[in-house]
Amino acid sequence: MRATSQENMPDMRQVEAAIIRVQQGEQESFAFIVDAFQQPVYRYCCRMLGNRQDAEDAVQDVLVKAYQSIRGYKPTVSFSAWLYRIAGNHCLNLLRRRRMQGHFLRVFRPDTAAAAGPEQTLEERLYSPALEAALGRLSLEERNLLVLRVFEEQTFLEISAILNITPNALHKRMERIKRKVRETMQAEEGISWNGQESAMSTKI
């Protein structure tokens with residue numbers, strides 16, 4: 001089984017210690033933060049932008065922005081949430097400027113090159129032309145929420161910190177997203193939502 005995003009996260013105590021050293025002027029300690037978060041941030045950017053080259057450029061920009069802003073970081077939220085907020089804002093700005101909505105749907109397709117496993121089998125059940133049509137009607141912000149929840153496996157509390165939305169409002173927004181997806185899928189070729197809803201609920 002493929003390791004989950006949460007299992008791949010670094011030891012946050014070591015991360016926080018490295019952050020303190022960087023804030024105190026020990027610039028070389030930022031290399032530890034880069035090593036710890038480069039792959040998770042790249043994965044996130046790749047899923048947001050739907051293009052590996054764009055994601056490679058984006059992750060470098062995100063890490064530079066993080067370094068430039070790190071003195072303002074305070075552990076009132078997790079560093080992971082703080083960094084995902086920077087990455088999310090950067091990717092959303094790119095998507096708006098470049099009008100990459102058509103490329104964005106790649107995010108919601110399983111990686112055919114990867115070995116099939118339980119998670120990929122579930123994803124294959126979720127993806128269909130009807131679902132793609134439904135996802136195409138979501139705003140970029142709504143899709144960002146789905147990427148964070150479904151692929152990056154962030155908790156609602158973490159997403160609340162990343163997007164600066166209260167948990168209550170976040171739950172309501174997720175319900176609206178699920179309703180929009182359900183209504184569109186039901187209209188597409190008369191597809192039944194019942195089987196898809198069960199699988200989607202497992203992820204969301």
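The values are calculated or read from the model by the stated rules, or taken from the named source; none is laboratory data. Keep in mind it's a predicted model, so treat the numbers as computed, not measured. Neighbour counts are summed over all protein chains in view; Cβ atoms, including those assigned to glycine, are modelled from backbone coordinates with ideal geometry. Only protein heavy atoms, including side chains, enter the accessible area calculation; ligands, DNA and RNA are left aside. Shrake-Rupley method; radii C 1.70, N 1.55, O 1.52, S 1.80 Å.
Checking each residue in segment 12-51 for being aliphatic (A, V, I, L, M) and within 18 Å of Val77 (Cβ to Cβ) picks out Met12, Val15, Ala17, Ala18, Ile19, Ile20, Val22, Ile33, Ala36, Val41.
Consider Arg21 carefully, then state whether it is over 18 Å from Ala81 (Cβ atoms), at pLDDT 95 or above and among the basic types (Lys, Arg).
On the way: over 18 Å from Ala81 (Cβ atoms): yes; at pLDDT 95 or above: yes; among the basic types (Lys, Arg): yes.
Criteria met by Arg21.
Among the residues of segment 130-149, those identified as among the aliphatic types (A, V, I, L, M) and within 17 Å of Cys91 (Cβ to Cβ) are Leu135, Leu138, Leu140, Leu145, Leu146, Val147, Leu148.
Number of residues in segment 51-77 that are out of contact with any Asp or Glu (no Cβ under 7 Å at 6 or more places or on another chain), closer than 17 Å to Glu16 by Cβ, in contact (Cβ under 8 Å) with a residue 12 or more places away in the chain and open to solvent by 30 Å² or more (accessible area, probe 1.4 Å): the value is 4. The requirement of being open to solvent by 40 Å² or more (accessible area, probe 1.4 Å), modelled with pLDDT of 80 or more and within 20 Å of Asn93 (Cα to Cα) is not satisfied by Glu152. A Cβ distance below 6 Å, combined with a sequence gap of six or more or placement on separate chains, defines the contacts here; from segment 152-172, residues that are under 14 Å from Tyr84 (Cα atoms) reach residues that are open to solvent by less than 80 Å² (accessible area, probe 1.4 Å) and aromatic (Phe, Trp, Tyr) in the pairs Glu152/Tyr44; Ile162/Tyr84.
Does Asp11 fit the bill of being more than 15 Å from Leu148 (Cα to Cα) and open to solvent by 90 Å² or more (accessible area, probe 1.4 Å)? Show your work before the answer.
Numbers: more than 15 Å from Leu148 (Cα to Cα): yes; open to solvent by 90 Å² or more (accessible area, probe 1.4 Å): no.
No: the conditions fail for Asp11.
The single condition among (1) assigned to a loop (DSSP other than H, G, I, E, B); (2) open to solvent by less than 40 Å² (accessible area, probe 1.4 Å); (3) modelled with pLDDT under 80; (4) not β-branched (Val, Ile, Thr) that Leu138 does not meet is (3). Has segment 29-38 got at least one residue that is hydroxyl-bearing (Ser, Thr, Tyr), without any contact (Cβ under 8 Å) to a residue 40 or more places away in the chain and open to solvent by 70 Å² or more (accessible area, probe 1.4 Å)? No, there is no match, as no residue in segment 29-38 is hydroxyl-bearing (Ser, Thr, Tyr), without any contact (Cβ under 8 Å) to a residue 40 or more places away in the chain and open to solvent by 70 Å² or more (accessible area, probe 1.4 Å).
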